[in-house]
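Input: a single structure, listed below in structure tokens.
The values are calculated or read from the model by the stated rules, or taken from the named source; none is laboratory data. All figures in this text were calculated on a predicted structure; none of them were measured in a lab. Just the protein is used for accessible areas: all its heavy atoms, side chains included, with ligands, DNA and RNA removed. Shrake-Rupley method; radii C 1.70, N 1.55, O 1.52, S 1.80 Å.
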Amino acid sequence: MASVRVAAAQDAVMCAEIVAGLPDFFTDDVPDKVVSDLRDHGGWMIDDADDVVGFVIVERRGTRAAEILWAAVAAGRRGRGLGGRLIDHALAELGADGVQIVEVKTLDPSADYAAYDATRAFWTARGFVQFDTIDPLPGWPPGNPAALLAAALAPTR
């Protein structure tokens, strides 16, 4: 049975390998960014049958806000509810720690890239709402409009 745990430094290589196995979703520079961001910000892992099968990396933005920088489930394990379980756990932990709002960026529908239809559906199923599109987003390759989504974990006023 799958279990979620806090990420450790030694998990960075496995996170990079998961990302490298999803070329339809991540550019070639992302594995190195994932390693660096896990070290700098932390996150959670999901293990299934003693294998690391997914991760989420979160950057805190003060005491009441956070951004999900990276999240992925290994190609052969997608579609089994593992990502949902992982993200739901991370959101619950963040909420218990006083975070009120969480942001995530993904590819906007205007990019007309079908692989991301399921990604956007995944985030909206977890309560995330798109509030803006930025094109070009600094740090993203040209021609990849960013959809900015947020989920409220608690009232902000």
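Under a 1.4 angstrom probe, counting protein chains only, how are Glu67, Glu17, Glu93 ranked by accessible area, largest first?
Accessible-area ranking of Glu67, Glu17, Glu93, largest first: Glu17, Glu93, Glu67.
Distance between Cα centroids, the stretch 89-123 to the stretch 6-31: provide it in whole Å.
17
Could you point to the label whose value was computed as P(r) over Cα pairs in 5 Å bins from 0, in percent for the structure here, given (1) 1, 9, 17, 21, 20, 14, 9, 5, 3, 0, 0; (2) 2, 9, 17, 17, 17, 14, 10, 8, 5, 1; (3) 2, 9, 19, 23, 23, 17, 7, 2, 0?
(3)
Over the chain, give the accessible area per residue in Å² for a 1.4 Å probe, as an integer.
Roughly 52 Å² per residue, with all protein chains present.
Can you pull the accessible area of Asp135 for me, 1.4 Å probe, Å² to the nearest 10?
Around 90 Å² of this residue is reachable by solvent.
Can you give me the % of accessible surface on the stretch 1-120 that is carbon or sulfur? Probe 1.4 Å, all protein chains present, nothing else counted.
About 51 percent, which is the carbon plus sulfur part of the accessible surface.
Which ³J(HN,Hα) values in Hz, rounded to whole numbers, follow from the phi angles of the stretch 45-61 under the Karplus curve 6.51 cos²θ - 1.76 cosθ + 1.60, where θ = phi - 60° and Gly and Pro get x?
Taking θ as phi minus 60°, the curve returns 10, 10, 10, 9, 6, 6, 10, 6, 10, x, 7, 9, 10, 10, 9, 6, 10 Hz for the stretch 45-61.
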